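Presented below is the structure to which this report refers.
What follows is calculated from the coordinates using simple rules that are stated; it is not laboratory data. Predicted model only: the values in this text are computed from it and were never measured. Here Cβ is always computed from backbone atoms with ideal geometry, including for glycine, and neighbour counts include all displayed protein chains.
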Amino acid sequence: MRKNEHTAYEAALLYYFQGETMEAIARRLGVSRSTVSRLLSEARETGVVKISLQDPGTTPESLSSDLGHEFGVRVHLVSVRESDTEVRRLDLVARVAARLVASWMEPGTVLGIAWGTTIAAVTQHLTPHPCPESAVVQLNGAANANTSGVNHAGAIVAAAATAFDASMHHFPVPAFFDYTTTKEAMWRERSIRRVLALQRRADMALFGVGSLAGGLASHVYAAGYLDDEDMETLRREKVVGDVCTVMLRADGSYADIPLNERTTGPRPHELKLVRRRVCVVAGESKVPALRAALRAGTITDLIIDEDTAGQLRQHHP
């Protein structure tokens with residue numbers, strides 16, 4: 001995307017999604033009001049902004065309201081074009097998610113953050129928003145038999161901590177232990193107990209949903225975290241995806257899935273202790289896993305593209 005196209009996109013995002021005035025956008029971008037008007041016109045002419053009329057019964061507001069009522073969550077819809085690729089949809093949703101999360105951060109906030117493809121995209125779009133005395137803590141371990149996981153998870157946590165000028169707290173354990181006894185022993189270590197205690201103090205959690213299928217494979221299933229035996233167990237247990245590497249069935253159940261005895265992420269009943277739980281989703285392949293996460297009660301705020309939200313409502317039994 002060329003610089004001028006990027007600026008037109010930023011102006012359109014602020015005007016149409018964030019409700020900013022032209023004067024406010026001009027100040028933010030360091031341009032004149034007339035330039036903002038020209039950028040918005042350019043965004044419409046080039047298809048960055050697509051304006052359409054909808055029947056009152058199928059407006060984004062009604063879709064958001066229907067899903068919010070059905071699942072008891074706040075739904076934040078992101079408009080996408082039918083021609084947008086999965087990568088493009090993820091980028092659009094991640095940009096909006098980054099702005100919303102920043103708006104919810106306050107001084108002293110403890111932000112728990114999970115690693116994954118979606119949240120990596122969100123943190124790439126975070127801009128400086130200093131929150132004194134705040135902290136960013138990693139919610140689930142990242143190491144596996146092939147890699148330490150530091151590059152992926154560490155970059156995500158570091159990006160968020162940098163944006164909010166927050167203290168940074170990594171979780172130096174595997175994503176999945178080989179043995180439950182090893183996990184139990186590690187959970188008694190003072191260094192690990194310190195991170196677990198900070199996780200329990202989180203005011204906000206930021207995570208995506210992992211899906212076993214789809215064009216953009218979830219990192220946990222594409223980066224060597226699970227072997228063939230583990231994958232066979234997931235199929236046998238009818239797992240559809242995960243939240244924070246905790247496996248979920250379609251009905252939201254998780255307690256008796258063997259792999260969850262070895263995972264290091266917070267289980268849904270632990271995640272529900274966090275006041276604001278922000279889930280970011282882009283792509284229709286995520287719908288089964290998202291529905292399971294909603295049924296498990298893990299989400300308070302859902303940031304999602306309109307097409308995926310429509311599929312979620314359409315296929316809800």
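Structure remark: mean-square fluctuation, Gaussian network model of the chain, C-alpha springs under 10 Å; the largest value among SER134, SER83, SER65 belongs to SER83. Taking GLN199, GLN138, GLN124 in turn, the Gaussian network model of the chain (Cα-Cα springs below 10 Å) assigns the largest fluctuation to GLN124.
Projected onto its three principal axes, the C-alpha set of region 106-194 covers 41, 26, 14 Å, listed from the longest axis down. Note on the chain: dipole from Cβ charges, positive end direction compared against VAL48, LEU63, PRO268; the farthest Cα belongs to PRO268. Our estimate of slack between ASP256 and GLN314, defined as 0.36 nm per intervening residue step minus the Cα-Cα distance, is 17.9 nm. For region 1-51, taking Cα atoms only, Rg and Dmax work out to 9.7, 26 Å respectively. The residue list ILE25, GLY297, ILE156 was ranked by how far each Cα lies along the charge dipole of the chain toward its positive end, using unit charges on Cβ atoms, and ILE25 comes out on top. Angle of helix 3-12 to the longest C-alpha principal axis of the chain, folded into 0 to 90 degrees and rounded to 10: 90°. If only the Cβ of Lys and Arg carry +1 and only the Cβ of Asp and Glu carry -1, the dipole of the chain around its Cα centre is close to 720 debye. Once both axes come from the Cα atoms, what is the angle between helix 155-164 and the longest principal axis of the chain, in degrees from 0 to 90, rounded to 10? For 155-164 against the chain, the angle is about 50 degrees. Which value in deg cm²/dmol, rounded to the nearest 500, describes the helix-derived mean residue ellipticity at 222 nm for the chain, given -39,500 (n - 2.57) per DSSP H run of n ≥ 4 and division by the residue count? Calculated mean residue ellipticity at 222 nm is -12000 deg cm²/dmol. Give me the percent of DSSP beta bridges within region 53-314 that run antiparallel, rounded to the nearest 5. Among the beta bridges of region 53-314, antiparallel pairing accounts for roughly 25 percent. Mind checking which of PRO107, LEU212, GLY310 is farthest towards the positive end of the chain's charge dipole, using Cβ charges of +1 (Lys, Arg) and -1 (Asp, Glu) about the Cα centre? The residue sitting farthest along the positive end of the dipole is PRO107.
Please give me the summed charge of the neighbours of GLY108: other residues whose Cβ is under 10 Å from its Cβ, Lys and Arg +1, Asp and Glu -1. Could you put the intermediate results ahead of the total?
Details: positive: none; negative: GLU106, GLU133, ASP203.
Residues near GLY108 contribute -3 overall.
Under a no-solvent Debye model with one identical scatterer per Cα of the chain, what's log10 I(q)/I(0) at q = 0.08 Å⁻¹? Each listed q corresponds, in turn, to -0.37. For the chain, the longest principal axis of the alpha carbon atoms and the long axis of helix 33-45 meet at an angle near 70°. Springs between Cα atoms under 10 Å define the GNM used for the chain, and in it the highest mean-square fluctuation of SER285, SER191, SER167 occurs at SER191.
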